[in-house]
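Each reported figure results from applying straightforward, stated rules to the coordinates on display, with no laboratory input. This is a predicted model, so every value here is computed, not measured. A quick note on method: Cβ atoms are made from the backbone with ideal geometry, for glycine too, and the neighbour counts reach across all protein chains shown.
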Amino acid sequence: MAVGLSAGAVAAALGAAPAQAAGSVPIAAPVAVPVPAEGSAHTPSGWRLKDTGVTDVRFRGLAAVNRHTAWVAGSKGTVLRTADGGRSWANVSPPGAGELEFRDIEAFDGRRAVVLAIGEGEASRTYRTEDAGRTWKETFRNPDPKAFYDCLTFFDRRNGLAMSDPVDGKYRILSTADGGKSWKVLPDKGMPEALPGEAGFAASGQCLVSNGPRDVWLATGGASRGRVLHSADRGLTWRATDLSIPAGDPARGVFGVAFRDRTHGIAVGGDYRAGQASPDAAAITADGGRTWQRSTTPPTEYRSGVAWLPHSRSVALSVGPTGTDVTLNAGRSWRKIDAGSYDTVNCAADFGCWASGEKGRVARLEF
């Protein structure tokens, strides 16, 4: 059933100028989609749960291709794909991957995708498929026991990055120029020193996100303060900026970021431990991450995933294990509108917004 998403207020806040869907790969011409209006066919009515057929997998990796096609990736080496809006799901998990933890997946379309497994040393791997998951090729296996990869992102069909927690005091960045078929470690000369205890969170596939052909942001936590690092040259040089989202503990910090263009972004996080307070769990930027301001009314609980609603200048969703929040003013204030558990959220340009999380939960935003 559809649950909880304050349709009228969301629809009324949608802006008139199209914006690239946060986290999507810019692979085609912009889709001509009418701007939603109150009572129209594109008015959001709520999350609708989709039966994936599994209840023992947590899906922290999610790639929305459109309203019909989506990929999810999670624990026990599981990858699922739907091509009919979630009515049915195909288990397209890479063979022999049952011991791996998939935490991020990036899809170029319904046939081609790259999935990231996390963990120390050789547990961190990437796989690529070109035939809708019928076959996979392992394209990277981490040889360094000190590295632990968390997230990946793509600028286009060919160019992408993956990030590891700090190695010898600096975040390590992998780069691909062939759509994830091969990877190389970038030089770390332009990477600032990591703070003591600092790392990324492999919670939603959103600790490394890109927008446009060259801009990429990296979210951190666990140290004395949360930070977001920005690169304007595909990961060669970076600038770090502190955020108001509390850190100071291995369980706290910035868990996910989303940008609707190269300047306007939202960061979410908090303390992922159940029952722990998460004040100031959201921040916003209007200058590409050079400065961040705390949300005046942030979510009251930990949030791990965030996404801009397509074709909107002001509406975004944030999700976490305790529910979904909506902002109608570009992240300045948030209101909880659903109590379902989700770890990540992703939207495609045709209003295909999906969320996924624990116990095999996947939902699509209905209109």
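A few notes on this one:
- Across the chain, the relative contact order, built from alpha-carbon pairs under 8 Å that are at least six residues apart, equals 18 percent.
- Gaussian network model of the chain, Cα within-10 Å springs - most flexible of Lys189, Lys170, Lys137: Lys189
- Structure-based [θ]222 nm, the chain - -39500 (n - 2.57) summed over DSSP H runs of at least 4, per residue, nearest 500: -500 deg cm²/dmol
- Fully extended contour minus Cα-Cα distance, from Arg157 to Ser88, at 0.36 nm per residue: 22.2 nm
- Take the Cα of Thr291, step 7 Å toward its Cβ, do the same at His68, and the gap between the two points is 4.7 nm.
- Coordinate range of the alpha-carbon atoms in segment 221-367 per principal axis, descending: 40, 35, 28 Å.
- Filter on Lys184/Lys359; Lys50/Lys181; Lys50/Lys184; Lys146/Lys189; Lys50/Lys336 - keep pairs with C-alpha separation over 28 Å: Lys184/Lys359; Lys50/Lys181; Lys50/Lys184
- The chain: most fluctuating residue of Ala63, Ala274, Ala240 per GNM, C-alpha cutoff 10 Å: Ala274
- Spatial separation of Cα centroids for segment 294-310 and segment 62-92, in angstrom: 25
- D_trans [Stokes-Einstein, Kirkwood Rh over alpha-carbon pairs] for segment 306-367, 25 °C, 0.890 mPa s, µm² s⁻¹: 211
- Descending semi-axes in Å of the chain, equivalent ellipsoid built from Cα gyration tensor: 27, 24, 19
- In order through segment 70-83: 3J(HN,Hα) via Karplus (6.51 cos²θ - 1.76 cosθ + 1.60), integer Hz, x for Gly, Pro: 8, 10, 10, 9, x, 5, 6, x, 9, 10, 10, 9, 10, 10
- The label point for Arg239 and the one for Arg141, both projected 7 Å from the Cα toward the Cβ, are 4.1 nm apart.
- Considering only Pro321, Pro246, Pro192, the mean-square fluctuation computed in a Gaussian network model of the chain, springs between alpha carbons under 10 angstrom, is largest for Pro192.
- Close amide H pairs (under 5 Å, H built 1.01 Å from N) link Ala113 with Phe108, Thr129, residues at least 5 positions away or on another chain.
- Sequence of Leu49, Leu328 once ranked by neighbouring C-beta atoms within 10 Å, starting from the fewest: Leu49, Leu328
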